[in-house]
Amino acid sequence: MNIDILTILPDILDGPFSQSILKRAIEKKIVTLKIHNIRNYSTNKHRTVDDYAFGGEAGMVLAIEPIDRLISKLKAENQYDEIIYLTPDGERFNQQIANQLSVKENIMLLCGHYKGVDQRVRDHLITKEISIGDYVLTGGELAAAILVDAIVRLIPGVLSDETSALTDSFQDNLLAPPSYTRPADYKGWKVPDILLSGNHDEIDVWRMKQSVERTEKLRPDLFSKNIKKKQTE
Ligand code: ADE
């Protein structure tokens, strides 16, 4: 998969991709990640990328021209499956969207700033708008990093135990069951006996029951989604 991230603050993205699983996915060439500085596409001698909003609204707006120049250049080199703008008023990101994006070949992520981008970028250049939650960040970079993390770990070969992504919380609209490791008894806090029993069928049943109970208790919204889904099956 090729991922291109368009930003005016590329340094913010140094950290998340230089560690652990994402770093290895890039080293193994399962993912090619390119970070592009929008400022390099400004034609202005001060390399400005933003301007005052028309109509007297407070705050600066990222201008269309440098973004269009950069997107046009990338589109001439690659056929993009999605060109995504990260914005608090986009579609709420979830595991289902991560799954859908994880099978794409080329995706572009545009990070906004200030008052966002000129609306014409959204109207003419973007194919999808995504929010990571109902709160406003200073820019889209951290949101882009979250998307990349959630998507890349689903690509076969990225996680060492490939089945583990399938049993994640949310894959079935269910939260994951609890996990334990040694020691089996720590300060009298014991691991449930069933997990030490060696009976894998019973352990599977126990895990599923824990998932259902946890979802009902902690995420009643997800739980009712499951019930509705079952009723329509
Ligand atoms: N940019 C600023 N806030 C954001 C959010 N909540 N999600 C995605 N991009 C954003």
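Bear in mind these aren't lab numbers, they're just calculated from the coordinates by the rules spelled out. None of the values given here were measured: they were computed from a predicted structure. Neighbour counts run over all protein chains shown; Cβ positions are idealised from the backbone, glycine included.
So for segment 2-152, averaging the separation of alpha carbon pairs under 8 Å that are six or more residues apart and normalising by length, what relative contact order in percent results?
The normalised contact order for segment 2-152 reaches 30 percent.
Between Lys128 and Leu166, what FRET efficiency follows from the Cβ-Cβ distance if R0 is 25 Å, with the result rounded to 0.05? Walk me through the intermediate numbers first.
Working: r = 25 Å, r/R0 = 0.99.
About 0.50, to the nearest 0.05.
Dipole size in debye (nearest 20) for the chain around its Cα centre, Lys and Arg Cβ +1, Asp and Glu Cβ -1?
Details: 30 positive and 34 negative charges, 51 e Å.
For this selection, approximately 240 debye.
At a 10 Å Cβ-Cβ cut-off, how would you order Trp206, Trp189, fewest neighbours first? Each step should come with its number before you reach the end.
Numbers: Trp206 17, Trp189 9.
By the 10 Å Cβ count, ascending: Trp189, Trp206.
Sorting Tyr186, Tyr180, Tyr135, Tyr41 on the 10 Å Cβ count, fewest up front, what's the list?
Working: Tyr186 10, Tyr180 13, Tyr135 7, Tyr41 19.
Fewest-to-most Cβ neighbours within 10 Å comes out as Tyr135, Tyr186, Tyr180, Tyr41.
Would you mind pulling out the separation of the Cα centroids of segment 13-79 and segment 155-176, in Å?
Using only Cα atoms to place each centre, the spacing works out to 30 Å.
Where Rh denotes the Kirkwood radius from the mean inverse Cα pair distance, what is Rg over Rh for the chain?
On the way: Rg = 21.8 Å, Rh = 20.4 Å.
My calculation puts Rg/Rh at 1.07.
Could you tell me the distance between the Cα centroids of segment 115-129 and segment 200-222, to the nearest Å?
Comparing the Cα centres of segment 115-129 and segment 200-222, I get a distance of 41 Å.
Using a/c under 1.5 as the rounded threshold, could you call segment 143-233 rounded, prolate or oblate? The axes a ≥ b ≥ c are square roots of the C-alpha gyration tensor eigenvalues, and prolate needs a/b larger than b/c, oblate otherwise.
Since a/c reaches 1.5 but b/c is at least a/b, the shape of segment 143-233 is classed as oblate.
I'd like to compare 73-82, 106-115, 170-179: which one has the highest average count of other Cβ atoms within 10 Å, and what's the full order after that? Walk me through the numbers before you get to the answer.
Working: 73-82: 13.1, 106-115: 22.5, 170-179: 16.8.
So the order, starting with the most tightly packed, is 106-115, 170-179, 73-82.
Where is the GNM fluctuation largest for the chain (alpha-carbon springs, 10 angstrom cutoff): Ser169, Ser20, Ser131?
In the Gaussian network model the winner is Ser20.
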